[in-house]
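Beneath this line is the structure, given in C-alpha cells, with notes to follow.
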Amino acid sequence: MKRIVFCDFDGTITTEETFVAVLKHFAPKLSAQLIPQMYARKLTLREGVRQILESIPSSSYGEILEFTRPQAIRPGFIELLDFLEAEKVPLVVVSGGLRGMVEVVLGGLVQRVHALYAVDVDTSGEYLVVRSDYEGDTELIAKVQVMQEYPADEKIAIGDSVTDLNMAIEASVVFAQLRLGQYLDESQKPYIPWNDFFEVREQLARLWERSHD
C-alpha cells in the first residue's frame, strides 16, 4: 500500500502559531481587523493573508526571518521522521506561511522532508508581493492541489487550524489539534486528536500494524 503524510508547519511542526505572530507583529492594525474574519471564515485566507503580507515593507523581510528563527519545534518530530523513513513513507510539508520562515526553523531537517510547499514573496519592490504556484479559491497554498500531485492509497494529514481544513477533509486519516478538531466536528469528519509527534508516531504504528495483519 502506498502511503504519504502531509504535514502543516505553523502551529503544527512549531509549538506556536508563528505566522500569525509575524502578521500581528509586522502589520498590527490590519491583522487585528482581518485575522478574526479569517478564523470566522468570513474572509478567505487567500484574500486576508495577501492583504496583510502586501502591506509589509520589503525591508522588513530579514527581520521577519529573525523573528521566526527561535521558534521551537514540537516534540517528537525527528522521531516521526525516523519512523516514516524506516517505513519508506514520504512526509510533505505544506504551509500557508512563508517558505523562508519554514526553512529558517527547520534548518537541516529540510533535507529530510520529501518536499516543501509554502508561500514565496518577491522583495524587489517597496512592499512584499506574494507568489504562489498553488493558489486556490480560498488559499494562497491550496493544500488539496498539492495532495493531488501525489497519488497514494492512504493520505495522512497532520494539522492544527482552519488553514488545514480542506487538506483534512481530503485525507484518509487526520491528526487534528483542538482548533482544527472543532472545524472537523462541524464537518462530521473523523479525526485523531494529538499533542505531540510521539503520539502521531505511535498511532500510525498501530494503524499500519493492523493493516499488515
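The values are calculated or read from the model by the stated rules, or taken from the named source; none is laboratory data. Keep in mind that what you see is a predicted model, and the values were worked out from it rather than measured. Note: ideal-geometry Cβ built from the backbone for every residue, glycine included; neighbour counts use all protein chains shown. When the accessible area is computed, the model is the full protein with side chains, heavy atoms only, and any ligands, DNA or RNA have been set aside. Shrake-Rupley method; radii C 1.70, N 1.55, O 1.52, S 1.80 Å.
Mind checking whether some residue in region 136-156 is at pLDDT below 95, open to solvent by less than 80 Å² (accessible area, probe 1.4 Å), under 22 Å from MET38 (Cβ atoms) and of a type in the set (Gly, Ala, Ser)? Checked against the condition, which is being at pLDDT below 95, open to solvent by less than 80 Å² (accessible area, probe 1.4 Å), under 22 Å from MET38 (Cβ atoms) and of a type in the set (Gly, Ala, Ser), region 136-156 yields at least one hit.
If the condition is being open to solvent by less than 10 Å² (accessible area, probe 1.4 Å) and either farther than 13 Å from VAL105 by Cα or modelled with pLDDT of 95 or more (or both), then region 15-26 contributes VAL22, LEU23.
Please state which one of PHE198, PHE175 is outside any helix (DSSP H, G or I), under 20 Å from LEU80 (Cβ atoms) and either modelled with pLDDT of 95 or more or touching a strand residue (DSSP E or B) at 6+ places or on another chain (Cβ under 9 Å) (or both). Before the answer, list the steps.
Working: PHE198 fails: outside any helix (DSSP H, G or I).
After applying the criteria, what remains is PHE175.
Of the residues making up region 1-34, those that are of a type in the set (Phe, Trp, Tyr) and within 19 Å of the chain's Cα centre (by Cα) are PHE6, PHE9, PHE19. Whenever a residue of region 73-102 is within 18 Å of ALA115 (Cβ to Cβ), its partners that are polar (S, T, N, Q) and open to solvent by 10 Å² or more (accessible area, probe 1.4 Å), lying with C-beta atoms within less than 9 angstrom and at least six residues away or across chains, give the pairs SER95/THR163; GLY96/THR163; GLY97/THR163; MET101/GLN71.
Identify the residue in region 1-37 that is part of a strand (DSSP E or B) and not basic (Lys, Arg) and, among all such residues, is nearest to GLY62 (Cα to Cα).
Within region 1-37, the subset part of a strand (DSSP E or B) is 3-7, 14.
Within this subset, residues satisfying the condition of being not basic (Lys, Arg) are 4-7, 14.
Details: ILE4: 33, VAL5: 31, PHE6: 28, CYS7: 26, THR14: 20 Å.
In this case the residue turns out to be THR14.
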